[in-house]
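What follows is a short report on a single structure.
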């Protein structure tokens, strides 16, 4: 007996400059999208993390239709249909109709046409027409009026990246930063051993140690915000090569102003459209700043797992939450899993940035054709950093507590407190005390008195760990 074939929806015939092709009748996309599906079966990453590019294209297409209507380049009724359909795209209502993967044409042409076709067919449906007929709304002549993929796709890239930074990075990193800042204030007076070269060093406070993480995050976030200002310069209005051919002279400025008003971000039409199409240095710089932020998080996460190592035979100066079993063979073992997850994210961000940097170097003449992979990696980095900061905050940072007994034990045996004696007895005599204490298993105080370099009263006056944590 033959197996029952799955139900297949009816198809319609769509056309483009290559001829005809069949598309499933319940899909809003058209011929060029269908060809891309068939020609680029590469990977499984749909465009793009968090549907950001789809939203960016929807915002752009609505703004373009509005601008064209204001400039009398489109009939008001056609523009209104486009705006309504494009707003559905931006809202996420039509996400299922954007099936394309990242690895397609390097200009993003197929994704631009995907948006044109979806908006066209949805607008036709709204108007009571026949999908695929291109009447009354044509995907190229109307939805893409005054545009080229070469300026629309990079515009959508930049809009999407700014929105993702604002929603998915800044607040999530700030949440972790605020938790760490509170811990730094809380433990500002708790003196512990400092370490350089993974060796004992002069004392610091736990608050100072955590505060350094906060400062590094603050600096990295400031760098991201600064780098992202270059993303406000949009390519729209440049059309195919930067000359603005087939667009109204005021089109780029008008579209950018509409996008700025809608998003609340100061988008503007780029002064030099040739550079806006051929290079994406602002995106490269933003990616590099994200890499720097990842480096700061890598340092923090590694410090936390070192400080929490043990519980019996490690540094063990802080305690972190125990979230899940750490071994399938060692009963009772618990691992610093949030630190491990965060550091893996950081390595992925480093790799993403390497891809973006190389792709950004590949502009030829009037166009860079690595746009999809560049924006995909930047947005992936944004999402990964944001997500790991929330997970680390909620499942680790909020539960960081000092192991005061271990901190006191390590501080009591710290030979580098001898540094406080340098200005009183000289470096060489202080070094002799430290070496004598280490060789003979003595405390620093006992070694100093035994060698006769200081009296008990002098040692107690000059070697005060808390006083060594500041230069006051």
The helix 206-228 Cα axis meets the longest alpha-carbon principal axis of the chain at an angle in degrees, between 0 and 90 and rounded to 10, of 20 degrees
Here are a few candidate values for Cα extents along the principal axes in Å: (i) 81, 54, 46; (ii) 99, 67, 35; (iii) 151, 51, 46. Which one was actually calculated from the structure I just gave you? (ii)
Grab the beta carbon distance between residue 327 and residue 471, set R0 = 45 Å, and tell me the FRET efficiency rounded to 0.05. 0.50
Taking N as the number of residues in the stretch 322-472, the ratio of its alpha carbon radius of gyration to 2.2 N^0.38 Å works out to 1.77
How do 282-293, 454-465 rank on mean C-beta neighbours within 10 Å, highest first? 282-293, 454-465
At a threshold of 8 angstrom on Cα-Cα distance, excluding pairs fewer than six apart, so keeping six or more, what relative contact order does the stretch 320-472 reach in percent? 17 percent
Measure nothing fancy, just the Cα-based angle from helix 371-395's long axis to the longest principal axis of the chain, in degrees from 0 to 90, nearest 10. 40 degrees
By the Cα gyration tensor axes a ≥ b ≥ c (a/c under 1.5 gives rounded; else a/b larger than b/c gives prolate, otherwise oblate), the shape of the stretch 413-469 is rounded
Expressed in nm to one decimal, what extension gain is obtained for the pair residue 199 and residue 446 from 0.36 nm per residue of sequence separation less their Cα-Cα distance? 86.7 nm
The stretch 272-314 and the stretch 157-197: distance between their alpha carbon centers, rounded to Å: 12 Å
Helix 337-360: angle to the longest alpha-carbon principal axis of the chain, degrees 0 to 90, nearest 10? 50 degrees
Could you work out the pair-distance distribution P(r) of the stretch 15-114 from its alpha-carbon pairs, with 5 angstrom bin width and percents rounded to whole numbers? 2, 13, 21, 21, 20, 15, 6, 2, 0
If you average the sequence gap of Cα pairs under 8 Å that are 6 or more apart and divide by the length of the chain, what percent do you get for the contact order? 16 percent
Where does each of 219-230, 77-88, 367-378 land if you order them by average Cβ count within 10 Å, highest first? 367-378, 77-88, 219-230
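Read-outs throughout are calculated quantities, based only on the coordinates presented, and are distinct from any laboratory measurement. Nothing here was measured: the structure is a model prediction, and the numbers come from that model. Virtual Cβ from ideal backbone geometry, glycine too; neighbours counted across all protein chains shown.
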